[in-house]
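J.: Before I ask anything, let me first share the structure, which is written out below as C-alpha cells.
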C-alpha cells in the first residue's frame with residue numbers, strides 16, 4: 001500500500017478517539033436539569049471499562065449486571081486484536097491524541113534514547129496494577145478515579161463546580177513533559193489491564209526480516225510499543241498504524257500470530273516477591289483509607305450505608321455536575337482518602353431539590369433508586385439558643401417557608417420545632433436560615 005493510500009488512515013486514528021473525548025465532555029457539561037436525552041449514553045460508554053465490571057461483580061452477589069456483555073465483547077476483541085479500546089474508544093486517549101497531533105511531548109526523543117528507563121517502568125506498572133486491583137477487591141472504588149471515563153467526567157464536573165481538575169491536568173502535564181501517551185502506558189489501570197489482556201492477541205503488527213532498524217517506527221509510535229533494536233511490536237500497541245505507515249521498506253505488516261514472540265518464563269521466586277510487594281502496597285493504601293470523620297457527611301438521596309457508599313463511589317463527579325442547586329460538593333483530601341472527592345451535600349451552598357437526577361447518572365450503584373417518601377439524607381436539628389425566635393423573640397418564618405416536606409411547625413408561641421419523622425434532611429431549612437452558620441442544621445443520625 002502506497003503512502004498516498006495510507007494517508008486517510010492518519011486522520012481517522014485522531015478523529016475517532018477525539019470524537020469520543022469531545023462527546024464525553026459535551027454530555028457531562030450538559031448534565032443539568034432536565035436531564036438531556038443522550039445522558040444514558042455516558043453510562044453505557046463508562047460500562048465498556050472492565051474495571052467497572054470487576055467492581056460490579058464484587059457488589060452483585062445475586063447475579064451479574066445486565067450490561068456485562070459490553071466489556072465482555074471488548075475483552076474478546078482485545079484477545080484477538082489488542083488495545084482497540086485505548087487507541088480508538090478511550091476519551092482520555094482522544095484528548096492525548098489531540099496533544100500528539102499538536103506535536104506536544106517534549107521528552108519523547110529523550111525517553112526513546114534511553115530505553116532502559118522504560119523497561120524498568122514497564123516492569124513496575126504491573127505491580128501498580130496489582131495494588132489497584134487488590135484495593136478494588138478488598139472494598140474500595142477509589143482506583144476507578146484513574147480510569148478514563150471517570151477521570152474525564154470528574155475533571156469536567158470539577159471545572160463546572162469551580163475547582164481545579166488536578167488529576168486531569170496531571171495527565172496533560174505528563175503528556176507534554178514526556179510524551180502524550182505516558183499516562184496510558186504506565187499509570188492508567190484500564191490501559192495496563194488492556195495491555196495484559198492483549199499479551200497473547202491473535203492478530204498484531206509484526207516486523208519482518210527486511211527491517212533495516214532505521215528507527216522511524218519507534219520514533220513515531222505514540223506508546224513506544226515498537227523498538228527498532230528488537231524488531232517487534234509490544235503489548236502497548238494501540239493499533240494506530242503509525243509504524244506501518246512510516247516504514248520506508250514496508251517491513252511492518254498486519255498478520256496473524258500463533259504465539260507471543262515476547263513470552264518469557266518468570267521464576268517462581270520473582271512471582272512470590274512481586275505478589276508480596278502488591279500485598280504490602282495494597283495494605284499500606286488500605287490503612288490510609290481507614291479514616292473516620294467525627295461527623296458523617298450528608299450523602300445524596302438514595303446513598304447506600306456509608307461503608308458501602310464509599311466503597312462503590314468512583315468519584316466520577318456526575319452527581320455533583322447534575323445537582324441543580326449545586327449543593328453537592330466534592331469532599332477535600334483533609335476529610336480522608338476514603339472520602340476524597342466523594343459527593344457530600346452542603347446545605348449552605350444549596351439544598352437538595354429531591355429531583356433524584358443524581359441516582360440516574362450514577363454508574364456504579366452507589367446511589368440506589370429511592371422514592372422521595374423513603375429518602376433519609378439526615379435530620380434537621382434546631383439549636384434553640386441560636387434561633388432568632390427562641391433566643392431573641394424575633395419573628396422569623398424562613399425554615400417553615402423553605403421546608404418542602406412540611407417537617408417544620410410552630411407551637412402556640414410561634415416557635416419552630418422539627419418533626420423528625422417527616423424530615424428527609426434536604427437542607428432547605430439550613431440553607432434559608434438567616435443566622436450565620438445557621439441555627440438549624442442537618443445531621444446524620446445513623447452513626
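J.: Taking the Cα atoms of the stretch 377-439, what is the range of coordinates along each of the three principal axes, in descending order and whole Å?
T.: For the stretch 377-439, the Cα spread along each principal axis is 30, 26, 17 Å.
J.: Can you give the angle from 0 to 90° between the axis of helix 3-29 and the longest principal axis of the chain, with both taken from C-alpha atoms, to the nearest 10?
T.: 10 degrees
J.: Largest first and in whole Å, what are the equivalent-ellipsoid semi-axes of the chain based on the Cα gyration tensor, each being the root of 5 times an eigenvalue? Can you show the working numbers first?
T.: Details: eigenvalues 518, 94, 67 Å².
Equivalent ellipsoid of the chain: 51, 22, 18 Å, largest first.
J.: Please list, in order, the residues from the stretch 70-95 whose amide nitrogen is less than 20 Å from a point placed 7 Å along the Cα→Cβ vector of residue 19.
T.: 74, 83-95
J.: Rounded to the nearest whole Å³, what is the per residue volume of the convex hull around the Cα atoms of the stretch 151-203?
T.: Details: hull volume 4.7 nm³, N = 53.
Looking at the stretch 151-203, the number lands at 88 Å³ per residue.
J.: State, to one decimal in nm, how far the label point of residue 199 lies from the label point of residue 126, with both points 7 Å from Cα in the Cβ direction.
T.: 0.4 nm
J.: In nm, to one decimal, how far is the modelled label at residue 213 from the one at residue 349, with both set 7 Å along Cα→Cβ?
T.: 5.8 nm
J.: For the stretch 305-447, I need the span (max minus min coordinate) of the C-alpha atoms along each principal axis, in Å, sorted largest to smallest.
T.: Result, largest extent first: 49, 32, 27 Å.
J.: Still on this structure, please answer the following. If you take the beta carbon distance between residue 65 and residue 333 as r and set R0 to 25 Å, what does 1/(1 + (r/R0)^6) give as a FRET efficiency, to the nearest 0.05? Please list the in-between numbers first.
T.: On the way: r = 31 Å, r/R0 = 1.24.
E(calc), rounded to 0.05, equals 0.20.
J.: Give me 304, 242, 83, 384 sorted ascending by neighbouring Cβ count inside 10 Å, so fewest comes first. It would help to have the intermediate numbers written out before the result.
T.: Numbers: 304 17, 242 25, 83 29, 384 13.
Starting with the residue having the fewest Cβ neighbours, the order is 384, 304, 242, 83.
J.: Just rank 149, 126, fewest to most, by other beta-carbon atoms within 10 angstrom. Write out the running numbers ahead of the final one.
T.: Values: 149 28, 126 14.
Sorted ascending by nearby Cβ count, the order is 126, 149.
J.: Find the relative contact order for the stretch 378-447 and round it to a whole percent, using C-alpha pairs within less than 8 Å whose residues are 6+ positions apart. It would help to have the intermediate numbers written out before the result.
T.: Working: 115 pairs, mean separation 30.7, N = 70.
Averaging sequence separation for qualifying contacts and normalising by length gives 44 percent for the stretch 378-447.
J.: Multiply the residue gap between residue 117 and residue 437 by 0.36 nm, knock off their C-alpha separation, and tell me the result in nm, one decimal place. Walk me through the numbers before you get to the answer.
T.: Working: separation 320, 0.36 × 320 = 115.20 nm, distance 5.39 nm.
The span from residue 117 to residue 437 would gain 109.8 nm if fully extended.
J.: Next question. Which FRET efficiency value, to the nearest 0.05, is calculated for residue 326 and residue 419 with the Förster distance at 25 angstrom and r the Cβ-Cβ distance?
T.: Numbers: r = 28 Å, r/R0 = 1.10.
Computed FRET efficiency for residue 326 and residue 419: 0.35.
J.: Once you've got the GNM for the chain with C-alpha springs shorter than 10 Å, pick whichever of 130, 250, 155 has the biggest mean-square fluctuation.
T.: 250
J.: Roughly how many nanometres apart are two label points built 7 Å out from the Cα toward the Cβ at residue 26 and residue 373?
T.: Once both label points are built, they end up 4.2 nm from each other.
J.: Please give the peptides 323-336, 200-213, 170-183 ranked by average Cβ packing (other Cβ atoms within 10 Å per residue), highest first, as a rough proxy for protection. List each step's numbers first, then the result.
T.: Details: 323-336: 17.3, 200-213: 15.3, 170-183: 20.6.
Highest to lowest by the protection proxy: 170-183, 323-336, 200-213.
J.: Related question: Against the longest principal axis of the chain, how steep is helix 268-289, in degrees 0 to 90 to the nearest 10, with axes from Cα atoms?
T.: Helix 268-289 and the main axis of the chain meet at about 20 degrees.
J.: At a 10 Å Cβ-Cβ cut-off, how would you order 356, 95, fewest neighbours first? Don't jump to the answer; show the numbers that get you there.
T.: On the way: 356 17, 95 26.
Listing 356, 95 from fewest to most nearby Cβ atoms yields 356, 95.
J.: Test of understanding: what is the full-extension gain from residue 173 to residue 33, defined as 0.36 nm times their sequence separation minus their Cα-Cα distance? Working shown, then result.
T.: On the way: separation 140, 0.36 × 140 = 50.40 nm, distance 3.35 nm.
Full-extension gain reported as 47.0 nm.
J.: To continue, here is another question. Roughly what angle does helix 148-160 make with the longest principal axis of the chain, taking Cα atoms, 0 to 90 degrees, to the nearest 10?
T.: That works out to roughly 50 degrees.
J.: To the nearest whole percent, what portion of all C-alpha pairs in the stretch 297-370 is separated by more than 13 angstrom? Don't skip to the answer; put the middle values down first.
T.: On the way: 1613 of 2701 pairs.
Counting pairs separated by more than 13 Å, the tail of P(r) holds 60 percent.
Each reported figure results from applying straightforward, stated rules to the coordinates on display, with no laboratory input. Quick caveat, the model's predicted, so the values are computed rather than measured. FYI the Cβ positions are ideal-geometry reconstructions off the backbone, even for glycines, and counts take in every protein chain you see.
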